[in-house]
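First up is the structure itself, then whatever we jot down about it.
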Amino acid sequence: MTPAITPTVPERASTQGKKQHLLDLQEWSAEEVWALFETTDVMAQVMTRTIKKVPALQGFTVGTLFFENSTRTRLSFERAARAQSADVISFATGGSSMSKGESLKDTLRTIDALKADLYVVRHQAAGVPYQLTRWTDAAIVNAGDGRRAHPTQALLDTYTFRECSPGFDGFEGKKLTIVGDIAHSRVARSNLRLWTKLGAQVTLCGPSTLLPHELEQFPGVTRCFRLEEAVEGAHAVMALRLQLERMQKGLLPSLAEYQARYRLTPEVMALADAQALVMHPGPMNRDVEIDGELADSERSVVERQVANGVPVRMAVLYTLLVGRQ
Ligand code: CP
């Protein structure tokens, strides 16, 4: 990979000790995450300017490869790349030659001939971003693989908590409750890894059919089947949608019963810490997993989560590309 030489691109340093990819947060230390938050602060400042563009990634090309649907993640990565003057090439499965039988490997090789420096990849199968690192020299960012990981979502969620939690003084002693379809959620898996890495406790809540036992093996993670108990004393409560597209039939007795037991409401939030935040990664099904008015209330930081997706992803692109060989 030979990047364009331009005076606006900071000189590339040795790659020793530098992150090459963002595949899963287990490979990033707490110190690296805090450093990324500091870079995000700078990027967030850029997004408040009249001209929301800097030349930091001029000469680099970012490819977005989405084999599964996305609104927030794809748009914010493309915004994040363009706001730093990178070129963007976009691939989505619909309308591609994959519908004519082309394999994933041949598709990547074809796209790779366009010489992007970094690919942002979403795929319905767990592990695809890892596989792609063997087929290209470019950096790979995991934008969601099956139910396994969605690291930039967890980064923007923790960054939003750091930004919006009144009197924020760190993650130690904080409790995050995640409610809903944990079994099919890559957002839950990445968040439980990151919040506990930063020192918080995580409580997972949902019906037993959607709450895998093995997730309790992570230190700092507990399961709870009663919503009221799970939310008690929480500093942030994150609702997740039911991922019906990944779900086998028979995991829920009925949608009405699920709503009655697990929908996040103002009454349930009254049991949380007085200043607790309401979070949701989206897409949101109003009045199914979360009360519509609660989603729009002062406690809700759902829109901040979406907005913070841009500076967080700017920081990820910058960290991986600048200084890379
Ligand atoms: N939260 C999230 O990943 O949203 P999209 O599916 O719209 O990208």
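Name, by its number, the condition in (1) within 16 Å of the ligand (Cβ to nearest atom); (2) free of Cβ contacts under 8 Å to residues at least 40 places away in the same chain that does not hold for Lys249.
So Lys249 meets the others, but not (1).
Check the stretch 209-223 and report whether any residue there is in contact with a Phe, Trp or Tyr (Cβ under 7 Å, 6 or more places away or on another chain), touching a residue at least 40 places away in the same chain (Cβ under 8 Å) and assigned by TED's automatic domain parsing to the domain that holds His280.
No: zero hits.
Report, ordered by the first and then the second residue, all pairs with beta carbons closer than 7 Å, sequence separation of six or more or different chains, a first member in the stretch 280-293 that is within 15 Å of the ligand (Cβ to nearest atom), and a second member that is among the small types (Gly, Ala, Ser).
Within 7 Å, the pairs are His280/Ala239; His280/Ala295; Met284/Ala295; Glu289/Gly180; Glu289/Ala239; Ile290/Ala239.
Report whether or not Met284 is closer than 24 Å to Ala126 by Cα, touching a strand residue (DSSP E or B) at 6+ places or on another chain (Cβ under 8 Å) and outside any loop (DSSP other than H, G, I, E, B).
It is false that Met284 is closer than 24 Å to Ala126 by Cα, touching a strand residue (DSSP E or B) at 6+ places or on another chain (Cβ under 8 Å) and outside any loop (DSSP other than H, G, I, E, B).
Evaluate the following for Arg122: is it in contact (Cβ under 8 Å) with a residue 40 or more places away in the chain, open to solvent by 10 Å² or more (accessible area, probe 1.4 Å) and within 15 Å of the ligand (Cβ to nearest atom)?
yes
So Glu163 fits all but one of (1) open to solvent by 10 Å² or more (accessible area, probe 1.4 Å); (2) outside any helix (DSSP H, G or I); what number is the exception?
With respect to (1) open to solvent by 10 Å² or more (accessible area, probe 1.4 Å); (2) outside any helix (DSSP H, G or I), Glu163 is out only on (2).
Restricting to the stretch 239-251, count the residues that are at pLDDT below 75 and either in contact with a Cys (Cβ under 8 Å, 6 or more places away or on another chain) or open to solvent by less than 40 Å² (accessible area, probe 1.4 Å) (or both). Write out each step before concluding.
Filtering the stretch 239-251 for residues at pLDDT below 75 gives 244-250.
Next, only the ones that are either in contact with a Cys (Cβ under 8 Å, 6 or more places away or on another chain) or open to solvent by less than 40 Å² (accessible area, probe 1.4 Å) (or both) stay: 247.
Of the residues in the stretch 239-251, 1 are at pLDDT below 75 and either in contact with a Cys (Cβ under 8 Å, 6 or more places away or on another chain) or open to solvent by less than 40 Å² (accessible area, probe 1.4 Å) (or both).
Within the stretch 54-82, track down each residue that is away from the ligand (no atom under 16 Å from the Cβ), assigned to a loop (DSSP other than H, G, I, E, B) and closer than 16 Å to Val120 by Cα.
The answer is Leu57, Phe60.
How about the stretch 82-106: which of its residues are under 23 Å from Val46 (Cα atoms), open to solvent by less than 50 Å² (accessible area, probe 1.4 Å) and not hydrophobic (A, V, I, L, M, F, W, C)?
Residues satisfying the conditions are Gln84, Ser85.
Pick from the stretch 208-227 the residues that are open to solvent by less than 20 Å² (accessible area, probe 1.4 Å) and over 21 Å from the mean Cα position of the chain (by Cα): which of them is farthest from Met269 (Cα to Cα)?
Per the stated criteria, the residue is Cys224.
How about the stretch 228-238: which of its residues are open to solvent by 40 Å² or more (accessible area, probe 1.4 Å) and touching a helix residue (DSSP H, G or I) at 6+ places or on another chain (Cβ under 9 Å)? Walk me through how you get there before you give the answer.
Initially, the stretch 228-238 is screened for residues open to solvent by 40 Å² or more (accessible area, probe 1.4 Å), giving 228-229, 232, 235.
Within the stretch 228-238, Glu228, His235 qualify.
Restricting to the stretch 181-200, name every residue that is touching a strand residue (DSSP E or B) at 6+ places or on another chain (Cβ under 6 Å) and open to solvent by less than 10 Å² (accessible area, probe 1.4 Å).
Ile182, Ala188, Ser190, Leu192, Trp195, Ala200
Got a sec? Which of Gln305, Gln275, Gln259 is modelled with pLDDT under 95 and not small (Gly, Ala, Ser)?
Of Gln305, Gln275, Gln259, the one residue that is modelled with pLDDT under 95 and not small (Gly, Ala, Ser) is Gln259.
Within the bounds of the stretch 179-198, is there any residue that is part of a loop (DSSP other than H, G, I, E, B) and more than 21 Å from the chain's Cα centre (by Cα)?
No, the stretch 179-198 contains no residue that is part of a loop (DSSP other than H, G, I, E, B) and more than 21 Å from the chain's Cα centre (by Cα).
The values are calculated or read from the model by the stated rules, or taken from the named source; none is laboratory data. These numbers come from a predicted model, not from an experiment. Every residue, glycine as well, gets a Cβ built from its backbone with ideal geometry; the counts of neighbours run over all protein chains shown. Calculation scope for accessible area: heavy atoms of the full protein, side chains included, ligands and nucleic acids excluded. Shrake-Rupley method; radii C 1.70, N 1.55, O 1.52, S 1.80 Å.
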